[in-house]
Amino acid sequence: MAKVLVATEKPFAKEAVDGIRKIVEAAGFELALLEKYTSNDDFLKAVADVDGLIVRSDKVTREVVEAAKNLKVVVRAGAGYDNLDLAACTEKGIVAMNTPGQNSNAVAELAFGMMLYIARNSFQPGTGAELKGKKIGIHAYGNVGRCVATIAKGFGMEVYAFDPFVTAEAMAAEGVKVCSTVEELYATCNYVSLHIPANDKTKNSINFDLLSKMPKGGVLVNTARKEVIHEADMVKMMTERPDFKYVSDIEPAIAAELKEKFGNRVFFTPKKMGAETAEANVNAGLAAARQVVGLIKNGDKTFQVNK
Ligand code: 3PG
């Protein structure tokens, strides 16, 4: 009997786990759970005999892949798969997948939660500003970027986007103003919302050159990955531009320094929580379970990311 492990340091909501169990057991497979684990050794032990693995941001390193002797498929229940060692998976013939789009709305809503918070003086007494009429720049128009565009239109914002992988026609067809360079996006928009993945090209790419193009009072909203920010440049930007603000779902390594130096011009969630809604957990978790079953039973490789 095939065995599927859900290994989540940050567990799914109970209803998502119940739904995953139903799908896995209906396929005639066994489900194992490793939640809130605090040691990598526990993860290594738990993967030893599994055929399928479902994770969130859990790091599936080469060591994990090598410990998982029977593993055929690993699904990252979510969008960003920078936590999977794809080369190691490929070498072992393991199919790696994500579940694109399943948690996008939750992430987009959090971006607006943080934007409102920073626009309204961190919910402290005093005069804030409205989002209506402001320009928002969507840096990468994927599933989350599109949700952000929809919500931004509801707020009465002017929506701009830059994405070299999406055609200008496709973006324009959705009522989005297209920037032909990333520099133009930053120079145009009061808010820039990041939706780029973390990879060799994007790591440290959000630097002083780019940020300093933002108009007075600019706000950077990061629900993507902390690795895409050039942290020394962020300190420089905050220092040289006292009008600039930074909100992020992912606490940077220099969070304490930024909070101490720049007070309420920065805001960080204590733990990554963009996808922390019951709806997103159910959508992504159940999709992951279906994909694991689909691969093991039928060899269905839809959403494979290590082609
Ligand atoms: C994603 O890439 O899907 C999000 O960053 C969500 O990550 P999480 O599952 O760790 O909350």
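The values are calculated or read from the model by the stated rules, or taken from the named source; none is laboratory data. The structure displayed is predicted, hence computed values, not measured ones. Here the Cβ is made from the backbone with ideal geometry for all residues, glycine too, and neighbour counts use every protein chain on show. Each accessible area value is taken on the protein alone, full model and side chains, heavy atoms only, with ligands, DNA and RNA left out. Shrake-Rupley method; radii C 1.70, N 1.55, O 1.52, S 1.80 Å.
Binning at 10 angstrom from zero up to the longest distance, how are the C-alpha pair distances of the chain distributed in percent?
6, 26, 31, 22, 13, 2, 0
Alpha carbons only, please: Rg and Dmax for the stretch 85-170, in angstrom.
Over the stretch 85-170's Cα set, Rg and Dmax evaluate to 17.5, 58 Å.
Enumerate the aspartates and glutamates that Lys177 could reach by cross-link, defined here as Cα to Cα under 20 Å, with residues fewer than 8 away along the same chain left out.
Glu158, Asp163, Glu169
Run the helix sum for the chain: -39,500 (n - 2.57) per DSSP H stretch of 4+ residues, divided by residue count, reported at 222 nm to the nearest 500 deg cm²/dmol.
Roughly -11000 deg cm²/dmol at 222 nm, from the helical runs in the chain.
To the nearest 20 debye, what charge dipole does the chain have about its Cα centre, counting +1 at the Cβ of each Lys and Arg and -1 at the Cβ of each Asp and Glu?
With Lys and Arg at +1 and Asp and Glu at -1, about 360 debye.
How would the stretch 134-219 be classified by its alpha-carbon gyration tensor: rounded, prolate or oblate, with rounded meaning a/c under 1.5 and the a/b versus b/c comparison settling the rest?
Oblate.
Using every alpha carbon pair in the stretch 170-218, what percent of pairs falls into each 10 Å bin from 0 up to the bin containing the largest distance?
22, 51, 26, 1
Treating cross-link reach as a plain straight distance, find the aspartates and glutamates whose alpha-carbon is under 19 Å from the alpha-carbon of Lys236, omitting any fewer than eight places away in the same chain.
Candidates past the 8-residue exclusion: Glu183, Asp209, Glu227, Glu251, Glu257, Glu260.
Which far-off residues, 5 or more places away or on another chain, put their amide H under 5 Å from the one on Ala32, with H placed in the peptide plane?
Amide H neighbours of Ala32, under 5 Å, 5+ apart: Val4, Leu5, Val6.
Apply the Karplus parameterisation 6.51 cos²θ - 1.76 cosθ + 1.60, with θ equal to phi minus 60°, to every residue of the stretch 226-243 and state each ³J(HN,Hα) to the nearest whole Hz, in sequence, with x for glycine and proline.
Couplings: 5, 5, 7, 8, 7, 5, 5, 5, 5, 4, 4, 5, 5, 6, 7, 10, x, 8 Hz.
Ignoring everything but the protein chains, give the 1.4 Å probe accessible area of Leu84 in square angstrom, nearest 10.
10 Å²
Place a point 7 Å from Cα of Glu66 in the direction of its Cβ. Which residues in the stretch 19-52 have their backbone N less than 20 Å from it?
Hits in the stretch 19-52 for Glu66 at 20 Å: 39-51.
So what is the accessible area of the chain per residue, in Å², with the probe set to 1.4 Å?
45 Å²
Would you mind checking which residues have amide H under 5 Å from Glu158's amide H? H placed 1.01 Å from N; only 5 or more apart, or other chain.
Amide H neighbours of Glu158: Gly133, Lys134, Lys135, Ile136.
Could you work out the local net charge near Ala168, counting Lys and Arg as +1, Asp and Glu as -1, over the other residues with Cβ closer than 14 Å to its Cβ?
-3
Please compute the Kirkwood hydrodynamic radius over the stretch 199-307, one decimal place, Å, based on all pairs of different Cα atoms.
Hydrodynamic radius (Kirkwood, Cα only) of the stretch 199-307 equals 16.3 Å.
Arrange the residues Arg225, Arg146 by how much accessible surface each exposes, largest first, with a 1.4 angstrom probe.
Arg146, Arg225
Report the net charge of residues surrounding Lys216, where surrounding means a beta-carbon distance below 15 angstrom and charges are Lys +1, Arg +1, Asp -1, Glu -1.
So the environment of Lys216 carries a net charge of +4.
In whole angstrom, note down how far apart the Cα centers of the stretch 151-178 and the stretch 1-77 are.
If you average the Cα positions of each part, the centres end up 37 Å apart.
Given the pairs Lys10/Lys261; Lys36/Lys59; Lys22/Lys72; Lys201/Lys226, which span a C-alpha to C-alpha distance of over 25 angstrom in this model?
From the list (Lys10/Lys261; Lys36/Lys59; Lys22/Lys72; Lys201/Lys226), the Cα-Cα distance tops 25 Å for Lys10/Lys261.
What residue among Ala170, Ala79, Ala119 shows peak mean-square fluctuation when the chain is described by a Gaussian network model with Cα springs under 10 Å?
Checking each option, the largest mean-square fluctuation is seen for Ala170.
Output ³J(HN,Hα) for the stretch 120-131: one whole-Hz value per residue in order, computed from phi by the Karplus curve 6.51 cos²θ - 1.76 cosθ + 1.60 with θ = phi - 60°, and x for Gly and Pro.
For the stretch 120-131, the Karplus-derived couplings read 10, 6, 6, 6, 9, x, x, 7, x, 9, 9, 7 Hz, x marking Gly and Pro.
Could you report the accessible area of Val178 in Å², rounded to 10, computed with a 1.4 Å probe on the protein chains as they sit in the structure?
Near enough 60 Å² of accessible area.
At q = 0.10, 0.14, 0.18 Å⁻¹, what is the base-10 log of I(q)/I(0) for the stretch 104-268 according to the Debye formula with one equal point scatterer per Cα and no solvent? Please give it to two decimals.
-0.32, -0.65, -1.12
Using 0.36 nm times the number of residues separating Ser122 and Lys297, minus their current alpha carbon distance, what extension gain do you get?
The span from Ser122 to Lys297 would gain 57.9 nm if fully extended.
Could you put Asp233, Asp200, Asp300 in order of accessible surface area, largest first, with the 1.4 Å probe and the full protein assembly present?
Asp200, Asp300, Asp233
As a test question: what accessible area, to the nearest 10 Å², does Arg290 have when a 1.4 Å probe is rolled over all protein chains in place?
Looks like 140 Å² after rounding.
Between the DSSP loop rule and a limit of at most 16 other Cβ atoms within 10 Å, which GluC sites (Glu not before Pro) in the stretch 82-187 are left?
Those that pass, being in a loop and sparsely packed, are Glu130, Glu174.
Where a Cα-Cα gap under 18 Å defines reach, which aspartates and glutamates qualify for Lys297, not counting those fewer than 8 residues away within the same chain?
Glu25, Glu30, Asp49, Asp51
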